[in-house]
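Engineer: The structure under discussion is supplied below as structure tokens; questions concerning it will follow.
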Amino acid sequence: MYKLVALDMDGTLLDSQKKLTSRVHSAITSAKEQGIKVVLASGRPFEGMLSTLKELGLDGEDDYALTYNASLILKVACQTVVNSAILTGQDAIELSEIADKLGVNILAYSMTRGLITPKQNKYTDYEAKLNGIEFTEFDFNLLEKDEDILKVMMIDEPELLTDAIAQLPEELQDKYSMARSLPFFFEFMNKNSNKGKGMEALTAHLGLEPEQIICVGDAANDLEMIQFAGLGVAMENAIDEVKAHANYITASNDEDGVAHVFEKYVLK
């Protein structure tokens with residue numbers, strides 16, 4: 001019997017208009033009433049998840065959220081940190097230097113400064129608007145080397161970013177957890193930070209086994225949690241790599257795919 005369902009947000013839980021459909025909302029509400037724990041696992045910062053958590057009633061004392069691709073796992077109501085795996089200012093400085101050489105833009109989330117970028121561009125604006133937060137233009141060379149950095153993202157036109165990714169130094173593979181979350185976003189996290197490791201930490205915290213977990217996603221940053229879960233589900237709109245590792249492919253995010261999963265595997 002499945003006891004927990006973890007859902008990515010963008011491209012999965014939310015439709016292409018970044019909205020919850022009534023059918024998805026109803027399915028999640030019914031699952032909660034039957035004692036199923038529902039957890040959101042997103043690359044977004046907590047602030048960018050909060051309105052959806054509240055809309056779904058997932059903001060109680062016993063609710064959890066995986067934020068920044070599980071760099072932080074929080075208890076929602078009190079924002080207590082359950083698990084963390086983050087970067088440093090030195091990481092952000094070094095990655096900024098690489099981005100400069102490759103000719104792509106970059107941003108980062110600092111624990112104390114919030115969303116920062118050396119230079120504003122339309123993708124900085126997109127990230128800030130998506131999450132309902134402000135950003136600050138800030139020279140990464142001025143970061144404290146031991147400053148807490150949640151994640152770093154190279155952001156640019158998809159074709160430019162594809163070229164840059166192909167030229168990344170090989171040693172970065174051993175140093176960071178990396179994933180392309182959107183065509184114009186490439187994310188760098190702590191090596192121990194991805195949604196799979198996050199789900200492993202959360203299930204251990206809750207005393208659950210992987211076989212009791214369903215994880216649903218669509219993008220490269222969802223791959224590890226789909227592989228971890230007892231039932232890994234890909235959206236019809238998922239990238240091919242995610243579909244290849246999923247146990248089940250549901251309908252797209254514009255066709256109530258998440259609701260299909262609850263109706264097929266969870267609801268009595």
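The values are calculated or read from the model by the stated rules, or taken from the named source; none is laboratory data. Bear in mind that the values here come from a model prediction, so they are computed numbers and not experimental data. Here the Cβ is made from the backbone with ideal geometry for all residues, glycine too, and neighbour counts use every protein chain on show. Keep in mind that these areas ignore ligands, DNA and RNA; they rest on the heavy atoms of the full protein, side chains included. Shrake-Rupley method; radii C 1.70, N 1.55, O 1.52, S 1.80 Å.
Engineer: If we scan region 223-231, do we find a residue that is open to solvent by less than 50 Å² (accessible area, probe 1.4 Å) and either modelled with pLDDT under 95 or within 12 Å of the chain's Cα centre (by Cα) (or both)?
Structural biologist: So far as region 223-231 goes, yes, one or more of its residues are open to solvent by less than 50 Å² (accessible area, probe 1.4 Å) and either modelled with pLDDT under 95 or within 12 Å of the chain's Cα centre (by Cα) (or both).
Engineer: Being under 14 Å from Met111 (Cβ atoms) and not aliphatic (A, V, I, L, M) is the filter; apply it to region 146-161 and report the residue that is least open to solvent (accessible area, probe 1.4 Å).
Structural biologist: Lys151
Engineer: Answer with yes or no whether Ala92 is closer than 20 Å to Asp146 by Cβ, open to solvent by less than 10 Å² (accessible area, probe 1.4 Å), of a type outside the set (Lys, Arg) and not in a loop (DSSP other than H, G, I, E, B).
Structural biologist: Taking the combined requirement at face value, the residue satisfies it.
Engineer: Looking only at residues that are in a strand (DSSP E or B) and in contact (Cβ under 8 Å) with a residue 12 or more places away in the chain in region 160-178, which one is nearest to the chain's Cα centre (by Cα)?
Structural biologist: Ser177
Each row is one residue, and each column tells you yes or no for (1) without any contact (Cβ under 8 Å) to a residue 12 or more places away in the chain; (2) over 28 Å from Asp218 (Cβ atoms); (3) in a helix (DSSP H, G or I).
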| position | (1), (2), (3) |
| --- | --- |
| Ser96 | no, yes, yes |
| Leu130 | no, no, yes |
| Glu144 | no, yes, no |
| Val152 | no, no, no |
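Matching residues to (1) closer than 18 Å to Asp91 by Cβ; (2) part of a strand (DSSP E or B); (3) open to solvent by 20 Å² or more (accessible area, probe 1.4 Å):
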| position | (1), (2), (3) |
| --- | --- |
| Arg180 | no, yes, yes |
| Asn192 | yes, no, yes |
| Gly196 | no, no, no |
| Glu200 | no, no, yes |
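Engineer: Just one of (1) surrounded by fewer than 23 Cβ atoms within 10 Å (Cβ to Cβ); (2) under 16 Å from the mean Cα position of the chain (by Cα) trips up Leu13, so point out which.
Structural biologist: The one condition Leu13 does not meet is (1).
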